[in-house]
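S.K.: Questions regarding the structure given below will be posed in turn.
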Ligand code: MN
């Protein structure tokens, strides 16, 4: 099995190295990852600059192609140019910080998986809940166990799984829960500051709190100490409204 590994925290990120280490023996691993941190960059692509690629040998058998681009760029260049053939699976992560709820929309980690799915490839995004002294090796061993269970159910083209791993602790993780993405809005907190010349500027607050969920979502599962798996899709069409709108009377505007 040919596996493409990528991320949005950059080729030097410990989560990527740990995932590579934990996946040894599962398949033929190819790492193509952004040269620099791309967190929060969502599904952006690079069209006005070249995608400079450098082959880097970082630690032991961890060899990678570092791309001066975004996570979606990495998937495009890996699949269309760098790999010896189409990957059977694309894994993105392990991200430093959860990608649950509305953060799924901002996430470069998830975007890499979505890009793979657009290309008809099965993909998984893997993220670890943010906490002090994050142990990516332990998280990666846990991730492998989840990946193997998902593999056992087959890998249809374009399937996307978003996997979030909870902060470890006594009795955690408590299990694996399948839950939907939370859609609660973020509580926007902008720090208003002044630059040395007195001009105002704003800083998006780092904790990105969200309104509480009143349903068992990905955020709730993670907070309760469960590994959370959410199937995603990138077709944003509102199917119910589409059907309703097709029954509306339309006229060509004159
Ligand atoms: Mn990130």
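The values are calculated or read from the model by the stated rules, or taken from the named source; none is laboratory data. As the structure is a prediction and not an experimental result, all values here were calculated from the model. Counting neighbours? That spans all protein chains shown, and the Cβs are built from the backbone with ideal geometry, glycine included.
S.K.: Within region 67-89, take every residue that is outside any loop (DSSP other than H, G, I, E, B) and within 16 Å of the ligand (Cβ to nearest atom) and give me the one that is surrounded by the fewest Cβ atoms within 10 Å (Cβ to Cβ).
M.R.: 73
S.K.: With respect to residue 211, is the statement that it is surrounded by 11 or more Cβ atoms within 10 Å (Cβ to Cβ) and at pLDDT below 95 true?
M.R.: Answer is yes for this residue.
S.K.: Residues that are within 22 Å of the chain's Cα centre (by Cα) and under 27 Å from residue 133 (Cα atoms), at least 3 per element: which strands (runs of 3 or more DSSP E) completely within region 157-213 meet that? Steps first, answer last, please.
M.R.: Details: elements: 160-165, 176-178, 190-194, 200-204.
Hits in region 157-213: 160-165, 176-178.
S.K.: Say we look at region 90-101 and pick out the residues that are part of a strand (DSSP E or B) and either at negative phi or without any contact (Cβ under 8 Å) to a residue 12 or more places away in the chain (or both); which of these is nearest to the ligand (Cβ to nearest atom)?
M.R.: Among residues in region 90-101 that are part of a strand (DSSP E or B) and either at negative phi or without any contact (Cβ under 8 Å) to a residue 12 or more places away in the chain (or both), the one nearest to the ligand (Cβ to nearest atom) is 95.
S.K.: Could you count how many residues in region 102-122 are at pLDDT 95 or above and either assigned to a loop (DSSP other than H, G, I, E, B) or more than 10 Å from the chain's Cα centre (by Cα) (or both)?
M.R.: Final tally of qualifying residues: 9.
S.K.: Out of 79, 90, 56, report the one residue that is touching a strand residue (DSSP E or B) at 6+ places or on another chain (Cβ under 6 Å) and closer than 25 Å to residue 161 by Cβ.
M.R.: Numbers: 79 fails: touching a strand residue (DSSP E or B) at 6+ places or on another chain (Cβ under 6 Å); 56 fails: closer than 25 Å to residue 161 by Cβ.
One residue alone meets the criteria, 90.
S.K.: Could you please let me know if residue 17 is within 16 Å of the ligand (Cβ to nearest atom) and in a helix (DSSP H, G or I)?
M.R.: Against the criterion (within 16 Å of the ligand (Cβ to nearest atom) and in a helix (DSSP H, G or I)), residue 17 qualifies.
S.K.: Another one. I'd like the full set of residues that are more than 15 Å from the chain's Cα centre (by Cα) and either at pLDDT below 95 or within 14 Å of the ligand (Cβ to nearest atom) (or both), limited to region 1-13. Break it down into steps so the answer makes sense when it comes.
M.R.: Here is the first cut: in region 1-13, the ones more than 15 Å from the chain's Cα centre (by Cα) are 1-3, 12.
Hit for region 1-13 is 12, nothing else.
S.K.: For region 25-49, give me each residue that is assigned to a loop (DSSP other than H, G, I, E, B), away from the ligand (no atom under 16 Å from the Cβ) and touching a residue at least 12 places away in the same chain (Cβ under 8 Å).
M.R.: Residues satisfying the conditions are 26, 27, 45, 46, 49.
S.K.: Let me ask something else about it. Return the residue satisfying two criteria in turn: it lies in region 125-138 and is within 15 Å of the ligand (Cβ to nearest atom) and not in a loop (DSSP other than H, G, I, E, B), and of such residues it is nearest to residue 157 (Cα to Cα).
M.R.: 125
S.K.: Write out, first by first residue and then by second, each pair whose Cβ atoms fall under 8 Å of each other, whose residues are 6+ apart or on separate chains, and whose first residue, in region 225-239, is within 18 Å of residue 123 (Cβ to Cβ) while the second is at pLDDT 95 or above and exposed (fewer than 12 other Cβ atoms within 10 Å of the Cβ).
M.R.: Correct list of pairs: 227/175.
S.K.: Here's a follow-up. State whether the residues of region 160-179 include one that is closer than 28 Å to residue 28 by Cα, out of contact with any strand residue (DSSP E or B) (no Cβ under 8 Å at 6 or more places or on another chain) and touching a residue at least 24 places away in the same chain (Cβ under 8 Å).
M.R.: no
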